[in-house]
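The values are calculated or read from the model by the stated rules, or taken from the named source; none is laboratory data. What you are looking at is a predicted structure, and each value in this text was computed from that prediction instead of being measured. Neighbour counts are summed over all protein chains in view; Cβ atoms, including those assigned to glycine, are modelled from backbone coordinates with ideal geometry.
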Amino acid sequence: SLQAGWLGQKEFPPSLLAPESFNHKKFFQISGMSKKSSNQVKEIFRILDNDQSGFIEEEELKYFLQRFECGARVLTTTETKTFLAAADHDGDGKIGAEGMDLAEVEGPM
Ligand SMILES: [Ca+2]
């Protein structure tokens with residue numbers, strides 16, 4: 001799995017990890033993920049796509065934080081749905097397109 005260090009973090013600030021506090025835009029900003037190359041974003045996508053279906057489904061997305069930090073909590077249903085809705089541009093209920101959806105999550109606050 002990925003580690004916080006992979007994103008240039010020693011550890012994530014508690015504000016990102018507290019229940020119901022997850023904000024994908026803040027996460028992408030603080031983690032530096034928005035500055036990663038498209039190849040790096042694809043690597044993240046492959047790891048998040050645990051069953052290699054080519055899509056990140058809701059069931060996989062809720063483990064988002066755990067992919068970066070061992071022992072991190074799972075996202076709540078609300079957080080997962082909000083994140084998914086932001087990244088799911090074609091409305092099929094999952095994140096696809098080789099992670100490009102994921103890269104485009106970053107946008108105006
Ligand atoms: Ca999948």
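Here's a check for you: in the range 33-44, which residue that is outside any loop (DSSP other than H, G, I, E, B) and within 22 Å of THR82 (Cβ to Cβ) is nearest to the ligand (Cβ to nearest atom)? Even if it seems obvious, please write down each step before you answer.
In the first step, residues of the range 33-44 are kept if they are outside any loop (DSSP other than H, G, I, E, B); the result is 33-35, 38-44.
Next, from what is left, pick out any that are within 22 Å of THR82 (Cβ to Cβ): 33-34, 41, 44.
Working: MET33: 19, SER34: 23, VAL41: 16, ILE44: 13 Å.
So, considering only residues that are outside any loop (DSSP other than H, G, I, E, B) and within 22 Å of THR82 (Cβ to Cβ), the one nearest to the ligand (Cβ to nearest atom) is ILE44.
Consider GLY91 carefully, then state whether it is at pLDDT 80 or above, surrounded by fewer than 14 Cβ atoms within 10 Å (Cβ to Cβ) and outside any helix (DSSP H, G or I). It would help to see each step written out before you state the result.
Values: at pLDDT 80 or above: yes; surrounded by fewer than 14 Cβ atoms within 10 Å (Cβ to Cβ): yes; outside any helix (DSSP H, G or I): yes.
So GLY91 fits the description; yes.
Do any residues in the range 60-80 that are in contact (Cβ under 8 Å) with a residue 24 or more places away in the chain have Cβ atoms under 6 Å from those of residues that are part of a loop (DSSP other than H, G, I, E, B) and among the basic types (Lys, Arg), where the two are at least six apart or on different chains, and which pairs are they?
LEU75/LYS62
Can ALA72 be described as among the small types (Gly, Ala, Ser) and over 13 Å from ASN23 (Cα atoms)?
For ALA72, the condition - among the small types (Gly, Ala, Ser) and over 13 Å from ASN23 (Cα atoms) - is met.
Working only within the range 45-74, note down all residues that are surrounded by fewer than 15 Cβ atoms within 10 Å (Cβ to Cβ), within 15 Å of the ligand (Cβ to nearest atom) and assigned to a loop (DSSP other than H, G, I, E, B).
Correct list: ASN50, ASP51, GLN52, SER53, GLY54.
If you take the residues in the range 75-88 that are away from the ligand (no atom under 15 Å from the Cβ) and not in a helix (DSSP H, G or I), which one is farthest from PHE12 (Cα to Cα)?
THR76
Looking at the range 2-32, which of its residues are outside any helix (DSSP H, G or I), surrounded by 15 or more Cβ atoms within 10 Å (Cβ to Cβ) and modelled with pLDDT of 75 or more?
PHE22, ASN23 - these are the residues of the range 2-32 that are outside any helix (DSSP H, G or I), surrounded by 15 or more Cβ atoms within 10 Å (Cβ to Cβ) and modelled with pLDDT of 75 or more.
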